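What follows is a short report on a single structure.
FYI, it's all coordinate maths here, none of it is from the lab. Everything numeric in this text was worked out from a predicted model, so none of it was measured. FYI the Cβ positions are ideal-geometry reconstructions off the backbone, even for glycines, and counts take in every protein chain you see.
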Amino acid sequence: MSTQRHTETTNKIKKTFTKLLKEKGLDAMSVTDIARGSKINRGTFYLHYLDKYDLMDKMQDDLIHDLTLILDDQIESAESNTPSSIFSYAQIVKALQYVKQEFAFIETLSGEKGDPKFVARFKAYIAELIKEKVQHSQNLKMGMDYLPKDYADEVLLSGVFSIILLWIDKGAIETPKQVADMIIQVCEQSMFGPFQVDTAKTKEKEL
């Protein structure tokens, strides 16, 4: 099977699966339903996936993988001491554009008939990325003077994640740039809260 034909087939399967997931839920759909809606036979489906659960897992894995490619680039300047140095504005916009592109699947996953574990998995993924970026940017440190570090981490993460979830719940009516602006504002307003500039390290580098 050619790469183009493989891609066309998997795209049809994913589109049908998303539609059925929203309409019926995972338990109520069958491989036959997916194959019929995709206009393929069951044998073709099994060339790509073990079963409907494998399809669900792989679609989520692809989503996380694609977002990682966007957000996990190395920071251009480790000298930066602003919260937005964790993810560049361009990275945030591009990630949100991808979310909007995959909106039908993401909305369904986070909805009533989706995967109840998806939201927790997505939040944990974002948390790990933020943690890695903060560790990479040595001029930034996590923590509020008046909160333990784990609580301070959660304050920032929950703020950012709540914006994304509300955007999805509202139907992604704002543009990715508008949502990116809100995320940057939340980070910058938290600069002397969850994110604080480690001025000692900054001055040390200047000497």
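Spelling out what I want: for every residue of the range 150-164, take phi, set θ = phi - 60°, compute 6.51 cos²θ - 1.76 cosθ + 1.60 (Karplus), and round to whole Hz; glycine and proline get x.
Taking θ as phi minus 60°, the curve returns 5, 6, 5, 4, 5, 4, 5, 4, 5, x, 5, 5, 5, 4, 5 Hz for the range 150-164.
Find, to one decimal place in angstroms, the Kirkwood hydrodynamic radius of the range 1-49, where the mean of 1/r is taken over every pair of different Cα atoms and then inverted.
Details: mean 1/r = 0.0922 Å⁻¹.
After inverting the pairwise mean of 1/r, the radius is 10.8 Å.
Past the 20 Å Cα-Cα mark, which pairs from K19/K52; K94/K123; K12/K58; K94/K177; K58/K170; K24/K94? Working shown, then result.
Values: K19/K52 13 Å; K94/K123 18 Å; K12/K58 15 Å; K94/K177 9 Å; K58/K170 26 Å; K24/K94 32 Å.
With Cα atoms farther than 20 Å apart: K58/K170; K24/K94.
Would you order E107, E128 from fewest to most other beta-carbon atoms within 10 Å of each residue's own beta-carbon? Walk me through the intermediate numbers first.
Details: E107 17, E128 10.
Result, fewest neighbours first: E128, E107.
Order by neighbour count: E174, E112, E132, fewest other Cβ atoms within 10 Å first, most last.
E112, E132, E174
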